Amino acid sequence: MLSKRVLRLALTAATPASIFALSVVALTLPSQPVHAGAPICSSPAADSDNDGWGWENSQSCVVSVTDTTATSATTTNSGEPVCASGASDSDNDGWGWENNRSCRVVTSSSVTVSPVTAAAAGSGTPVCQSSASDTDNDGWGFESGRSCIVTASSGSAESSTSVATPGVAPPPVAAANGGYSNGNPICLTDTSDAGNNGFGYENDRTCVVVSGVTATRNQPLVNQRSCIPWLEIGYGNYRLQNNTWNSSAVYSDDWSQCIELTGGPGNYVAKWDYNWLQRNEGNDFAVKSYPQVYYGRKTRYNLSGTVAETGLPVRTDAMPQFWVDYDYSETGTVERNVALESFFHTSCDAEEYNKQYEMMVWVGVPTIRTPGSLATTVTLSGKEWDVYVNPSLGWAYVAFVAKQPHNSGRLNWNEFVYWSRDVGPSFGVPSMARNTCMGAIELGTETFWGTGTFTLNRFNVNRGG
């Protein structure tokens, strides 16, 4: 269908320190610059002639020389992890990016980081998290500042250019600085503190969560309009996300998209406004964005509440009853849909890389765009829907498009899931395994072009009767 996540290389939010092992050792290294494009040697011993170049994993590597005096510390006094390699600080501002979070370049940076806890049998080399890091298909990848081996356990990253690109996660939450504490900016919202360790990631650097200053999902940001891409505002068991995944499909930088949360407890209202220009000012067949509110888990770092709080992720053969109530209003001249959706994963550790099935429900319909090929027409939740499939996407996809668009309603979400899984295959809909896990329920707008506003007056996901 029409995609909505980042096509550029995007990283997930900060990774808990317990997942990755950081080893810092003392090194005396030659004065040789790091060359762009070459992997960093995992050990200076690979440089037998002390010329700054080594040989590991059947390829040349460069010995990093940013720091030469090491200690045994793995974090700074203020709590940030120490960079394993100074080469991760590409703009020389003292901050690097390793293991999916910011790190601080200090005089203790070395080069030994494993991107995963497992090593390839007999080699001691870490297993790649994603086979996408093996760009030349030689069985070797490069992740977290060192070489890794692609095995059957390495996750795959799809490169398809539609709806969501499995394997490519949204970038860390971006937000505005809210002051400073112990040298770190204070997080504007704790949404980016996915590991609940007191540190988030905003404005391309680590921030610290401060009680009473940082907004939380129980005390969210209200009446603050933000135009920062990928900013998330958490409230209750929901998150409002300024998803601008495909802004590159516009031919200029004159576009805008902003989000805001208004109202109060029990009556929050999510809003967004956007200007994706005119159809001739970009690829008018391409979706530009998907601002949305989601309930559940998109990745381990993008989740609106715990499994106990939301009931998600959950296997489709053990689902409680989910009802979705919604009401929206909008203005403007725009080619867009209003779409609810769920992604289904191969395990209940829902991540981008293990998505295998996408189900969409278009309650607001574009004038000239469809999500694929018409398969049949069905009646679900008391309304008629045209059912579309799109085999060209490279992963399983089904979309229910309202015969009569409507801006409010109550959907029996299980009916759509069970029809897709149990009935749809007889009409050419891709098969869904019974043990597939549903990660989240989302509502947003996919915009092709145009200017307008969208107000989500109500979006409630309820379990039970």
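Values quoted throughout were computed directly from the atomic coordinates according to the rules given, and no laboratory measurement underlies them. This is a predicted model, so every value here is computed, not measured. Every residue, glycine as well, gets a Cβ built from its backbone with ideal geometry; the counts of neighbours run over all protein chains shown.
Odds and ends about this structure:
- Phi-derived couplings, Karplus 6.51 cos²θ - 1.76 cosθ + 1.60 at θ = phi - 60°, listed residue by residue for the stretch 264-276: x, x, x, 8, 6, 10, 8, 10, 8, 10, 7, 9, 9 Hz, with x used for Gly and Pro.
- Most to least packed among 243-254, 434-445 [average Cβ atoms within 10 Å]: 434-445, 243-254
- Gyration tensor verdict on the stretch 191-284 (Cα atoms; rounded if a/c is under 1.5, prolate if a/b is larger than b/c, oblate otherwise): oblate
- Listed residues Ser252, Asn337, Leu380: farthest to the positive end of the dipole of the stretch 214-463 (Cβ charges): Leu380
- Global form of the stretch 214-463, assessed from the alpha-carbon gyration tensor, a/c cut-off 1.5: oblate
- Charge context of Glu260, other residues only, Cβ under 10 angstrom, K/R +1, D/E -1: +1
- Among 181-190, 407-416, 324-333, the peptide with the highest mean count of other Cβ atoms within 10 Å heads the list, and the full ranking is 181-190, 407-416, 324-333.
- Computed magnitude of the charge dipole of the stretch 214-463 (debye, nearest 20; Cβ of K, R +1, Cβ of D, E -1): 440
- Estimated dipole of the stretch 342-406 in Debye, rounded to 20 [Cβ of Lys and Arg +1, of Asp and Glu -1, Cα centre]: 300
- R0 of 45 Å, Cβ-Cβ distance Ser60-Asn283: FRET efficiency to nearest 0.05: 0.70
- The packing ranking of peptides 283-296, 450-463, highest mean first, is 283-296, 450-463, where packing means the average number of other beta carbon atoms within 10 angstrom of each residue.
- Sequence-distant residues sharing a close amide H with Asn203 (under 5 Å, placed H): Ala175
- Under 24 Å between alpha carbons - lysine pairs in the stretch 214-463 that sit 8 or more apart or on different chains: 6
- Global form of the stretch 351-451, assessed from the alpha-carbon gyration tensor, a/c cut-off 1.5: rounded
- Residue-by-residue Karplus 3J(HN,Hα) for the stretch 348-356, coefficients 6.51, -1.76, 1.60, Hz, glycine and proline x: 7, 7, 4, 9, 5, 6, 9, 5, 9
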